[in-house]
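S.K.: Got a structure here, written out as structure tokens. Questions coming.
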Amino acid sequence: MQPSLYDLGVSSLEPSAPLEVPPCPVCEETRATPRFAVQDSERRIVICCGCGLGSLHPMPDAREVASFYPDEYYGPPGTKFRGLVEGLVRLVGSRHARFLSRGLRPAARVLDVGCGRGVFLEALLDRGFEVHGFETSESATRGADPRARFRIASNLASADYAPASFDEVIIWHVLEHLVDPAGTLAEIRRLLRPDGRLVVAVPNFSSFQARWAGPDWFHLDPPRHLYHFPLDGLIQLLRRTGFAPQSTHHFSLRQNPFGWVQSALNRSPRLPRNGLYVLLHQRGPDEPAPFDAATRLRLRLAYLLGMPVGLGLSVLETWLRSGGSVHVVARPEALTA
């Protein structure tokens, strides 16, 4: 883990003239307005003048992106969070697996793109599916269920999966990390069977949570989050890459309540940015606890008291169709042509 990246401050910028930027992956617009500055960096988070997509500018190259994810980022093998929190994450992962497996035929082939330590893999395997995991880093998959079939490559196309070979592809909070999200979605389209489906989840840049928190939004996470998708922009990108969106889901027990709590804590100048998230991470046996004892106590109390409030806000934003993160189910376009 790299606390220095989690701790990077973000600040709002005064309105200014649009910049010339590379073509937007959603709408190909080449003008974007600077919105946020990133601490100790010349990079800015800019907003596309055409579709509202947020992006890091200038965009890092593939080698620099890889440097954002050292082995420490993934934590001890198979366990990213501490104690009860890791158990809750896996419990919620099992709940998601029920949703992800709904309607799949017995022994269906499922691919999890950016599978990490495999929160979904074990639950899907237990349901009798043939489960595959793709990652760009072998370190990310340490401790994942060995029954899954893994491929490691620099990008999805290089993994050399056969065309039309999967009934379902999952890309869960990964698209925002990718230099080429459109190319990855096009490759997923190639891998899906004609009656297959895609499930894609991202933080929702157009949500109430994002607009309320502004530069303090937990899901900005520079420089690892290269893109920030408004829901309409994600839908537009899916259609552009050959998908027909079928349904949109605004509730995430794993992501949204915590997003409210950490974003609120980020607004306090007396607390470390994303400090609660860092505190909840699993540490090695010789790794000291972060922060001083008083700060750790304040963060833990905020977690215990804030999560019920965050859950209530997440229910409200779901009802208003403005979840802090969203997931979309889509089918290959040819199916509905």
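S.K.: How do the pairs read when you match residues in the range 96-121 that are over 22 Å from D160 (Cα atoms) and in contact (Cβ under 8 Å) with a residue 40 or more places away in the chain with residues anywhere that are among the small types (G, A, S) and surrounded by fewer than 22 Cβ atoms within 10 Å (Cβ to Cβ), using Cβ under 9 Å and keeping only pairs 6 or more apart or on different chains?
M.R.: Note: pairs meeting the criteria are F120/G93; F120/S94.
S.K.: When you scan the range 146-169, how many residues do you find that are farther than 25 Å from R63 by Cα, of a type outside the set (G, A, S) and in contact with a strand residue (DSSP E or B) (Cβ under 8 Å, 6 or more places away or on another chain)? Working first, answer last.
M.R.: To start, the set of residues in the range 146-169 that are farther than 25 Å from R63 by Cα comprises 146-149, 162-169.
If we keep only those that are of a type outside the set (G, A, S) too, we end up with 146-147, 149, 163, 166-169.
Then keep just the ones that are in contact with a strand residue (DSSP E or B) (Cβ under 8 Å, 6 or more places away or on another chain); that gives 147, 149, 166-169.
Total meeting the criteria: 6.
S.K.: What is the one condition in (1) over 18 Å from D216 (Cβ atoms); (2) more than 18 Å from the chain's Cα centre (by Cα); (3) surrounded by fewer than 17 Cβ atoms within 10 Å (Cβ to Cβ) that D40 does not satisfy?
M.R.: D40 satisfies all of (1) over 18 Å from D216 (Cβ atoms); (2) more than 18 Å from the chain's Cα centre (by Cα); (3) surrounded by fewer than 17 Cβ atoms within 10 Å (Cβ to Cβ) except (1).
S.K.: Pairs only if they're at least six apart or on different chains, beta carbon under 8 angstrom, first in the range 167-188 and crowded, with 21+ Cβ neighbours inside 10 Å, second hydroxyl-bearing (S, T, Y) and part of a strand (DSSP E or B); list them, first residue then second.
M.R.: L175/Y227; E176/Y227; L178/Y227; P181/Y227
S.K.: Going through the range 115-150 one residue at a time, which ones are at pLDDT 90 or above, in contact with a Ser or Thr (Cβ under 8 Å, 6 or more places away or on another chain) and of a type in the set (G, A, S)?
M.R.: G133 - this is the single residue of the range 115-150 that is at pLDDT 90 or above, in contact with a Ser or Thr (Cβ under 8 Å, 6 or more places away or on another chain) and of a type in the set (G, A, S).
S.K.: State all residues of the range 112-143 that are under 22 Å from A157 (Cα atoms) and of a type in the set (G, A, S); if no residue qualifies, say none.
M.R.: Answer for the range 112-143, where residues must be under 22 Å from A157 (Cα atoms) and of a type in the set (G, A, S): G114, G116, G118, G133, S137, S139, A140.
S.K.: Now a separate question. Looking only at the range 77-97, decide whether some residue is closer than 29 Å to P223 by Cβ, within 21 Å of the chain's Cα centre (by Cα) and either modelled with pLDDT of 90 or more or among the hydroxyl-bearing types (S, T, Y) (or both). Before the answer, list the steps.
M.R.: First, the residues of the range 77-97 that are closer than 29 Å to P223 by Cβ: 77-82, 85-86, 88-90, 92-93, 96.
Restricting the remaining residues to those that are within 21 Å of the chain's Cα centre (by Cα) gives 77-82, 85-86, 88-90, 92-93, 96.
The next check asks that each one be either modelled with pLDDT of 90 or more or among the hydroxyl-bearing types (S, T, Y) (or both); those that pass are 79.
The answer is yes; a qualifying residue exists.
S.K.: Any idea which of P230, P257, P245 is in contact with a strand residue (DSSP E or B) (Cβ under 9 Å, 6 or more places away or on another chain), touching a residue at least 40 places away in the same chain (Cβ under 8 Å) and either crowded, with 20+ Cβ neighbours inside 10 Å or over 26 Å from V202 (Cβ atoms) (or both)? Show your work before the answer.
M.R.: Details: P257 fails: in contact with a strand residue (DSSP E or B) (Cβ under 9 Å, 6 or more places away or on another chain); P245 fails: either crowded, with 20+ Cβ neighbours inside 10 Å or over 26 Å from V202 (Cβ atoms) (or both).
Being in contact with a strand residue (DSSP E or B) (Cβ under 9 Å, 6 or more places away or on another chain), touching a residue at least 40 places away in the same chain (Cβ under 8 Å) and either crowded, with 20+ Cβ neighbours inside 10 Å or over 26 Å from V202 (Cβ atoms) (or both) holds for just one of P230, P257, P245, which is P230.
S.K.: Checking S252 against (1) crowded, with 18+ Cβ neighbours inside 10 Å; (2) modelled with pLDDT of 95 or more, which test does it fail?
M.R.: Result: S252 fails condition (2) only.
The values are calculated or read from the model by the stated rules, or taken from the named source; none is laboratory data. Owing to the predicted nature of the structure, the values given are computational and were not obtained by experimental measurement. Neighbour counts are summed over all protein chains in view; Cβ atoms, including those assigned to glycine, are modelled from backbone coordinates with ideal geometry.
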